[in-house]
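In what follows, a single structure is set out as structure tokens and then discussed.
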Number of protein chains: 2
Amino acid sequence: MNGAESLVHTLLACGVDTCFSNPGTSEMHFVAALDRIPGMRCVLALQENVVTGAADGYARMQDRPAATLLHCGPGLANGLANLHNARRARSPIVNLVGDQATHHRPLDAPLTADTEGWARPVSTWTRTAADAAAVGADCASAVQAARTAPGGIATLILPSDTCWDEGGVVGTARAVPTPAQAVPSAIDGAVRALRSGQPTVLILGGMALRAGALDVAGGIVAAVGTSARMMAQTSNARIERGAGRTPIDRVPYPVDQAVAALAGTVHLILVGAPAPVGFFAYPNKPGLMAPPGCEVHVLTRPEQDPADALARVAVALGATTAPKPAAVPRPEPARGEVTSEALAQTLCALLPEHAVVVDESVSFGRALYPGTHDAAPHDWLQITGGAIGCGIPLATGAAIGAPGRRVVGLQADGSAMYTLQGLWTQAREKLDVTTVILANRKYAILMGEYRGVGANPGRTALDMMDLGNPDLDWVRLANGMGVEAARADTMEAFAELFAQANARPGPFVIELVI
Amino acid sequence: MNGAESLVHTLLACGVDTCFSNPGTSEMHFVAALDRIPGMRCVLALQENVVTGAADGYARMQDRPAATLLHCGPGLANGLANLHNARRARSPIVNLVGDQATHHRPLDAPLTADTEGWARPVSTWTRTAADAAAVGADCASAVQAARTAPGGIATLILPSDTCWDEGGVVGTARAVPTPAQAVPSAIDGAVRALRSGQPTVLILGGMALRAGALDVAGGIVAAVGTSARMMAQTSNARIERGAGRTPIDRVPYPVDQAVAALAGTVHLILVGAPAPVGFFAYPNKPGLMAPPGCEVHVLTRPEQDPADALARVAVALGATTAPKPAAVPRPEPARGEVTSEALAQTLCALLPEHAVVVDESVSFGRALYPGTHDAAPHDWLQITGGAIGCGIPLATGAAIGAPGRRVVGLQADGSAMYTLQGLWTQAREKLDVTTVILANRKYAILMGEYRGVGANPGRTALDMMDLGNPDLDWVRLANGMGVEAARADTMEAFAELFAQANARPGPFVIELVI
């Protein structure tokens, strides 16, 4: 058995059965091993940031890792931005990078690069396999590292000789430790804050945003009364929400709104989330969104179990699960002009049951989340690390990780351009993804930020934020990659296309001119 | 004057007047400064690997740096692969990366990443500006570092407060040292080897591949007689060639052919090039392409002046400039089936005078360079670091760096997909680029490499190397980005389209089905 074969057997033994890949020469022995050993679903993508973003989307839906397969340092580099997002989402990923043979590396062939150096900033675990005999055990360690709470990226670099040499040994799956429980003092601190009667905000992140934990958190807030509120982080890996579930607002993205939302807070209780900070700094604006002097209580760190901690807090407070919100009839799809609010209304009306929404709608989309609390039950996935270009890859991976559920991508056009290659993978794999391209033909978020600098943009500045001249034609771009597509410029046309797209199998792109 | 304004003034004072950019929020003060201060040509690209690859193409044609403008660590990460290629091409680039404000970085906002750590492996010089007052001097140092022979990437990271704070001071342009001359013992060693009568090969790279230096090198070889040969590296930043110029073959890419080409060599003389090594290692094949025991003489290191050294060797040998090859009439464009040789013939027939050829033709293209020695005078640019996805960006930057000259991209389809966003920039800037997409709808190079592993690919392996299912439609993809395009599947159709495309202004894409 060569090293590559031991790698495939070990992945399968450790429960990793999906591999998103963009292989090159140094990975041919791994590809050959995949050919000989059944059991791995291999998904090809035509650019590495699609590979890594898809692995992130898969992990968010499966709560377990897929493998990636990348080619040398530059192939890894192409996928780093979405690994950055995945790191912020705490998604488990087994990130496999083929590389120069151990004896060839000193010759500094053209493709030789600092693969480990590039991997380390996004990885919780990084190792370069020393020889074929080590590959199986290294792989088992990588899977364990990726799956250990709160989840992370384990990068295993495989010099090509470690794959082609004989002497491979299948690694044994290693136990994944159960997430630690919150310490009693953390429970007590949260309980005291909630009982204080002073304004208290629970900030929820990670697994605290699944339906069960949200119900418990909602029950706590209801039991405490008006002094307590709860909010999700600004950007979250996955929120289970929609009709019949406990709704939760998020800390707003704009600094002024976030500061206003948290004004007067005396106690901030962190449940698997960091204290809210501004996405960027601005002159003369605060970096921390909660008031200075606000007391911060860490109920659970990201690697601890938030559902257990919330349950213990609920017991201490005598809280029961939140009363289910009253059923609200779905609105009619919106008509007329295309606005963020109208799109929210149509989504609320037509979102398929158990849809997975991937939200990279950026500036236009700020009404979409607040306006869809009462849509059919669904999951909401966001860009977590701010590295734009995650939406199409996330949707691709989420569709593979959540078969039978419709994926709906709410996708700003500027962001979509970074990773449009993912549409081809959606076509090839016949994935049930409806991508709504929000075509404003500009980096609209930058227009707002530029005005924040205190000036009206002149010609040079406008040219650096304007995606018109020429206009991108998303119908042709999608068709060029084998995905059917159509354009809408009224809400009526959009509603019709959206309903049709969601009812048919396979991917569809709607260019919504906004 | 704020830091951003001092940056723009310093760039202009140092002769950097072109900026390829993909800005974000943290760069808005720089964009505002560009708006207020005239003199900088700003070129927007919709993905960062287009930005960095275009800066590489510009530098190869101008022999001076453009600036880039990238957004935070993940924006840099998206451009690393083409920075890797640029590093191997020794292209001067002033790589500007905006980042979190100095006081905001400790808050670990979502987009915060290890920007310096990612930059360092591709950069000869890396610095994070400390405050607004330092930005101008830092920028002047960056330009100097980028321009110091043999050229390199100088990365200046700009926390947003160093741009918006007042107190900017315009930096003074710093002297760029003249490239060092070869030491006398290096000249003597090369002369002795050439006079030995033993088989001797000059390996030329970098500035030794410009027309003047090639003439001198060709004269040396002619003066020595049959024991001496000269070859270019396998991958080169830029070769000046075509009718009336001294032709030079390259060390072949396949290991067996490279070893055969260098068999029997007793003396290897390196002129701004490393000793040839295999692009990848293979089981039971050598890593060094020259015979074991071959004596290696370094005439010039990459940072030394090869033209001067060659001239001194020529004087010592009494060599004169190579006799110009006899004029060969241009062939007729090829007819019938599309083959690599037929394409070479048509290029030889129709390549416009002083064209700039950007060759990322990969496996199909191996006949193109040998078959075009007698085409009209032109420059030939290659992928230097093996990070595929450089062709469209290089062509974009080369067109801006060589106005008035037609750029011809010979572009494998699989490689084109990594950075197809560059077509939009070509349309926006109305660049005179003809891109020939060589559409074999597979990673053909991997098919060959896979067979080298010793097996016929099965279903899984084929699926990971096959870009069909669905076929990419390059006419629609190009149209979707505002570039006119057409498809050819015979050589006659290609010749007609190629001649038309080269005769009209602006970009054009030809999908050549191979």
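Computed from the coordinates by the stated procedures, all read-outs in this text should not be read as laboratory data. A quick note: this is a predicted structure, and the numbers were derived from the prediction, not measured. Methodologically, a virtual Cβ is constructed for each residue, glycine included, from the backbone with ideal geometry; neighbour enumeration extends over all protein chains shown.
In percent, how large is the relative contact order of chain A, given Cα pairs closer than 8 Å and 6 or more residues apart?
14 percent
Using alpha-carbon positions, what is the distance between the centroids of the range B:243-268 and the range A:472-505, in Å?
53 Å
Take the range A:373-514, drop everything but the C-alpha atoms, weight them equally and run the Debye formula without solvent; then report log10 I(q)/I(0) at 0.10, 0.13, 0.17 Å⁻¹ to two decimals.
Ignoring solvent entirely, the Cα scatterers give -0.36, -0.60, -0.96.
With charges only on Cβ, +1 for K and R and -1 for D and E, what is the dipole size of the range A:200-312 about its Cα centre, in debye, rounded to 20?
The dipole of the range A:200-312 has a size of about 160 debye.
Once you keep just the Cα pairs under 8 angstrom separated by 6 or more residues, what percentage relative contact order results for the range A:53-200?
Across the range A:53-200, relative contact order equals 24 percent.
What Kirkwood hydrodynamic radius do you get for the range B:181-332 when you take the inverse of the mean 1/r over all pairs of distinct Cα atoms, in Å?
Here the Kirkwood hydrodynamic radius works out to 15.6 Å.
In the range B:451-495, if the dipole is taken from +1 on Lys/Arg beta carbons and -1 on Asp/Glu beta carbons about the Cα centre, which of B:Ala495, B:Val475, B:Gly452 is farthest to the positive end?
B:Gly452
As an exercise, use a Förster radius of 56 Å and the Cβ-Cβ distance of B:Thr320 and B:His103 to find the FRET efficiency, rounded to the nearest 0.05.
0.30
Starting from a label point 7 Å past Cα on the Cβ side, list the distances from A:Ala260 to the same position in the other copies, nm, shortest first.
Copy-to-copy label distances at A:Ala260, shortest first: 7.5 nm.
For a footprinting-style exposure proxy, rank B:Ser123, A:Ser361 by other Cβ within 10 Å, fewest first.
With the sparsest Cβ surroundings first, the list reads B:Ser123, A:Ser361.
Which one of A:Leu423, A:Ile383, A:Tyr443 is farthest out on the positive end of the charge dipole of the range A:374-506, using unit charges on Cβ (Lys, Arg +1; Asp, Glu -1) and the Cα centre as origin?
Of the options given, the answer is A:Leu423.
Treat each spin label as a single point 7 Å out from the Cα along the C-beta direction, and report the A:Ile37 to B:Arg504 distance in nm.
Calculated label separation equals 5.3 nm.
Given N residues in the protein assembly as shown, what is its alpha carbon radius of gyration divided by 2.2 N^0.38 Å?
Compactness ratio reported: 0.95.
What size of dipole, in debye to the nearest 20, comes out for the protein assembly as shown about its Cα centre when the only charges are +1 on Lys and Arg C-beta atoms and -1 on Asp and Glu C-beta atoms?
Around 620 debye, computed over the protein assembly as shown.
How far is it, in nm, from the label point at A:Val183 to the one at A:Ser196 when both lie 7 Å from their Cα along the line to the Cβ?
In this crude label model, A:Val183 to A:Ser196 measures out at 1.9 nm.
Which lysines have a Cα lying under 24 Å from the Cα of B:Lys442, excluding residues fewer than 8 positions away in the same chain?
Once the sequence-local lysines are set aside, what remains near B:Lys442 is A:Lys430.
Return one quarter of the surface area of the convex hull spanned by the alpha-carbon atoms of the range A:1-94, equal to its mean projected area, in nm².
5.6 nm²
Multiplying the sequence separation of A:Arg441 and A:Ala222 by 0.36 nm and subtracting their Cα-Cα distance, what value in nm do you get?
Full extension of this stretch gives 74.4 nm more.
Would the range A:31-85 count as rounded, prolate or oblate if I go by the C-alpha gyration tensor, calling it rounded below 1.5 in a/c and otherwise prolate when a/b exceeds b/c, oblate otherwise?
Oblate is the answer for the range A:31-85, as a/c is 1.5 or above yet b/c matches or exceeds a/b.
Using Cβ contacts closer than 10 Å as the measure, can you line up B:Cys294, B:Cys139, A:Cys390 from fewest to most?
Lowest count first: B:Cys294, B:Cys139, A:Cys390.
Take the Cα radius of gyration of chain B and divide it by 2.2 N^0.38 Å, with N its residue count; two decimals is plenty.
Ratio of Cα Rg to 2.2 N^0.38 Å: 1.00.
I want to verify the translational diffusion coefficient of the range B:118-235 in µm²/s; compute it with Stokes-Einstein, Rh as the Kirkwood radius over Cα pairs, at 10 °C and 1.306 mPa s.
Estimated via Stokes-Einstein, D reaches 89 µm²/s.
Which residue is it, in chain B, that holds its beta carbon closest to the axis of the B-onto-A rotation, and how many whole angstrom away?
Rotation axis B onto A, closest Cβ, rounded to whole Å: B:Arg476, 2.
Calculate the FRET efficiency for B:Glu496 and A:Glu341 from the Cβ-Cβ distance with a Förster distance of 41 Å, rounded to the nearest 0.05.
That gives a FRET efficiency of 0.20.
Note down the magnitude of the dipole of the range A:1-156 about its Cα centre, charges +1 on Lys and Arg C-beta and -1 on Asp and Glu C-beta and zero elsewhere, to the nearest 20 debye.
520 debye
Take the alpha-carbon centre of the range B:30-69, take the same for the range A:375-405, and report the distance between them in whole Å.
Answer, in whole Å: 33.
How do B:Glu332, B:Glu116 line up, fewest other C-beta atoms within 10 Å first?
Arranged by neighbour count, lowest to highest, B:Glu332, B:Glu116 become B:Glu332, B:Glu116.
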